[in-house]
């Protein structure tokens, strides 16, 4: 699973790529092929960062929902247990 450390590494890569674009634009002799290449890489890394945040968010939400269901479940019997396992299998597809 992706972690916040992965996100930190990806944000550093994004900063480096943005720096390359800035440098190229300030250079005076702009290489548009290089700008396209760096921009494409930047876009791919940004998508990766979004996926990382989504994975972390999903994991946290699952744990919160599990804790919430566990604390409110108590003596209600097996029907609640069956409901939990169905929602978990449905959310992973």
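General observations
- Leading residue by the ranking (modelled with the lowest pLDDT) among those in region 25-61 that are farther than 24 Å from residue 11 by Cβ and surrounded by 10 or more Cβ atoms within 10 Å (Cβ to Cβ): 27
- Selection count, region 20-47, where residues are free of Cβ contacts under 8 Å to residues at least 24 places away in the same chain and either in a helix (DSSP H, G or I) or within 21 Å of residue 6 (Cα to Cα) (or both): 19
The values are calculated or read from the model by the stated rules, or taken from the named source; none is laboratory data. Since the structure is predicted, the reported quantities are computational estimates derived from the model, not experimental observations. When we count neighbours, we look across all protein chains shown, and the Cβ atoms used for this are built from the backbone with ideal geometry, even at glycine.
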